[in-house]
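A quick write-up on the structure given underneath.
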Amino acid sequence: MSTFRSSLLIIATLALAACAGMPKTDPLQVTVAGIEGLPGEGLELRMLVKLRVQNPNDLPLDYDGVHVRLDLLDKTFASGVTDIRGTVPRYGESIIAIPVTASVLRMLRQAMGFFGGEPPDKVTYKAVGKIQRVGGGALRFSSSGEIDLRAATEPAAPTDEGPPPSATP
């Protein structure tokens with residue numbers, strides 16, 4: 001057996017042993033918890049995106065840096081990074097706030113797509129990113145959903161409850 005093959009076999013064996021020794025973890029659950037406006041510059045829109053990160057594992061997650069990209073209708077809308085450090089407790093959750101930037105030109109291009117036809121009733125979104133672990137290795141995440149635009153623009157339906165009771169006898 002050649003020296004190269006022997007070295008390759010040893011490296012492969014060590015890599016498999018290292019992977020076998022790593023604890024198995026369940027994936028993080030990451031959802032968009034909120035979005036707030038931030039001051040922007042010129043042709044950009046700035047927002048603070050709050051991600052709720054749930055850790056379903058028995059070990060806390062110490063992180064040092066987060067990246068997120070937001071897509072609307074399968075097109076990139078905004079992205080951002082933060083070098084924030086923190087911990088998501090074992091079997092716990094944390095809110096991580098990330099400033100993101102959306103290009104006004106990109107938003108106009110997406111809006112122009114609506115003018116070609118009927119505006120959609122629902123808009124799909126996706127948050128994709130990674131959380132950098134302290135000590136190395138990134139945990140990737142993806143979360144998606146849809147926003148019902150009809151519910152946001154239609155007035156509330158009247159109820160059959162009638163007027164509130166009078167306080168006078």
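Brief remarks on what is shown
- Residues of the stretch 21-37 satisfying the condition of being exposed (fewer than 10 other Cβ atoms within 10 Å of the Cβ) and at pLDDT below 90: Gly21, Met22, Pro23, Lys24
- Looking only at the stretch 75-87, residues that are β-branched (Val, Ile, Thr), under 15 Å from the mean Cα position of the chain (by Cα) and either at pLDDT 95 or above or on the phi > 0 side of the Ramachandran plot (or both) come to 2 in all.
The values are calculated or read from the model by the stated rules, or taken from the named source; none is laboratory data. As the structure is a computational prediction, the values presented were derived from the model and not from experiment. Glycine also receives a Cβ, built like all others from the backbone with ideal geometry; neighbour counts cover every protein chain displayed.
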